[in-house]
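One structure is given here, and the rest of the page talks about it.
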Amino acid sequence: MASITAKAGTKVNGSFAEVPFAVTDRTFIPRERYIDQSFFELENEKLWPHVWQMACRSEEIPNVGDFVEYWVAQYSVLIVRTNTDEIKAFQNQCRHRGTQLAEGCGTFRGGQIVCPFHAWRWHLDGSPSIPMYGHEGFEDRVMNPADLRLVECQVGTWAGCVFINMDLKAPPLLEFLRPVPENLDPLRLDAMRVNWWKGVRLKANWKLALEAFMEGWHLRGTHTQLTGDAGDAFPNPHDFQRSYPNGHQSLAKDPDADVKGTVKNNMGLGASSEAETAISFLRMLNEQLNSHVLAKDMHIAESLRSSPPGEFSKRFIDELYAWNAGAGIRLPDRDVIDRWGSQWSIFPNFKFHPLYGNSIAYRARPDSTEPGHCYFEMWSLTLYPEGYEPGKPEFGGEFALDDEDGWPLIARQDYINIERQQRGLRMPGLAATRLAKKYEDGIANSHVALDSYLAR
């Protein structure tokens, strides 16, 4: 096995060897990156204050004055709608003695942000409401209005989400995201709205929670109900992947494959699958995940049960477009349906998996002072009839990983394995996880991008 550590100040295979437990071989990821306290604290110092991260859905703050608190590790940021066309973000701290200004979500009444400790006030744009309460007790030199402004973060919007970066010198959001938007924008993610949204606390490192969804070949071992009688002959549903700069990754079929075959494969179907097999597979996805195959899609599939052999796939797509058009829902143009079923991991902690005018999204972030815990969220997103989109989404709740009422089966299976992996990595026998270049290089790619932040 290649060396997995290096002396500080050296470079190995282009890696940042001054970083502790640096990735020096993309095939091996040192286990300490998931369990070591000092590495975790280095992430908190070097990564989260300097990287773009999805902070909230745009529809969470529909009205002027609405706010959402985004937290990650020890950091807290307030995302505020300042007017119909502007969103700002501020470090969540009073300029007096550092008190957090707000928690959770809500609305700043009267267009002012008020400190709960000494009632200092700011306008929604972060400027201080002069004079500050008790100003007469301060020396003039410490009450400069420019210095009393709330500390701003960068803000960017894409795909119906608000992203923030605490580093004002970081590149713009869309530059950081390349090439994800150019591939996903045609799928109309920006028009999707929340169908449901839930969270879970996992006893696992935040990276493990994301990496579980950065490859598709775990279906054979984790979600055996989806593989039927195929056993080891079940085709890897994601045998084509690409790694991109900035740590992003995609899982998809070869873009040169024909659209008809791609649609079938993205449904988990072989070329000779009959309608009953297809419907059974879709029903499992609907019942056991209920995210990117929804009840409206099952209604269409069930109506095609009598399709002639070999015609279900084409008829399903035709009827899918016809039904949605009749309901006032504009699906993506047909020339991009080869991207249905693709998966896009956005460094460092977010992911989209679109299908049939729907999508599932994931986010993971550290939520304690030690590396073995994280907060993981899932969103089910979908396109609604134009002009009838729902309003502000409601958080569906935080549920235990084995809560059968809170989580569908597929999610529970993944959560159990994520915690098992964290426990296993604490055993001394495995110095590093080993990755399949064909299927799992995106995981290595995210670690290399992480090292670029830690080396700064």
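Every number here is computed from the coordinates shown, using simple stated rules; none is lab data. Quick caveat, the model's predicted, so the values are computed rather than measured. In this analysis, Cβ positions are derived from the backbone assuming ideal geometry, glycine residues included, and neighbour counts consider all displayed protein chains.
Key figures
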quantity	calculated
Backbone HN-Hα couplings from phi across the range 383-398 [Karplus 6.51/-1.76/1.60, Hz, Gly and Pro as x]	7, 10, x, 4, x, 10, 5, x, x, 4, x, 9, 5, x, x, 9
Estimated [θ] at 222 nm from DSSP helical runs (n ≥ 4, -39500 (n - 2.57)) normalised by residues in the chain, nearest 500	-7500 deg cm²/dmol
Lys314-Leu409 FRET efficiency (beta carbon distance; Förster radius 30 Å; 0.05 resolution)	0.50
Burial ordering of Trp158, Trp122, fewest other beta-carbon atoms within 10 Å first	Trp158, Trp122
Percentage relative contact order, the range 53-169, counting C-alpha pairs under 8 Å, at least six apart	27 percent
Cysteines, the chain, no other Cys beta-carbon under 4.7 Å	Cys56, Cys105, Cys153, Cys161, Cys374
Sum of side-chain charges, Trp120 neighbourhood, beta-carbon under 15 Å (Lys, Arg +1; Asp, Glu -1)	+2
Computed lengthening from Asn83 to Asp232, 0.36 nm per intervening residue step minus Cα-Cα distance	48.1 nm
Loop-located GluC sites (Glu not before Pro) in the range 375-456 whose Cβ has at most 12 other Cβ within 10 Å (DSSP)	Glu386, Glu394, Glu404
Cβ crowding within 10 Å averaged over residues, with 346-354, 217-225, 187-195 ranked highest first	346-354, 187-195, 217-225
Peptides ranked, highest mean first, by Cβ atoms within 10 Å: ranges 320-332, 406-418	406-418, 320-332
Gln100-Glu394 FRET efficiency (beta carbon distance; Förster radius 22 Å; 0.05 resolution)	0.40
Under-5 Å amide H pairs with Phe163, H placed in peptide plane, nonlocal only	Ala55, Gly156, Thr157, Trp158
Of the GluC sites (Glu not before Pro) in the range 291-367, those whose Cβ has at most 14 other Cβ within 10 Å and which sit in DSSP loop	Glu311
For a label point 7 Å along the Cα-to-beta-carbon line of His123, residues of the range 150-177 with backbone N under 18 Å	150-153
Pair Arg305, Glu136: separation of 7 Å Cα→Cβ label points (nm)	8.1 nm
Nonlocal Lys pairs with alpha-carbon distance under 26 Å, the range 179-429 (8 or more apart, or different chains)	21
Which label in (1) 78, 47, 42; (2) 84, 58, 39; (3) 70, 51, 43 gives the computed Cα extents along the principal axes in Å	(2)
Length released on extending from Asn63 to Asp147, taking residue separation times 0.36 nm less the Cα-Cα span	27.4 nm
Relative contact order for the chain, counting Cα pairs under 8 Å that sit 6 or more residues apart, in percent	22 percent
Relative contact order %, the range 179-429, counting alpha carbon pairs below 8 Å whose residues are six or more apart	34 percent
Given charges at Cβ of Lys, Arg, Asp, Glu: the chain dipole, positive-most of Ile346, Ala159, Gly104	Ile346
For peptides 85-92, 179-186, sequence by mean Cβ density within 10 Å, most packed first	85-92, 179-186
Span-rule helices in the chain, defined as complete DSSP H runs reaching 18 Å or more along the axis (Cα) with Kyte mean at least -1.0	275-288, 312-326, 409-425, 437-454
Residue order, fewest to most beta carbons within 10 Å, for His123, His292	His123, His292
Rounded, prolate or oblate (a/c below 1.5 giving rounded, otherwise prolate when a/b exceeds b/c) for the range 53-169 by Cα gyration tensor	prolate
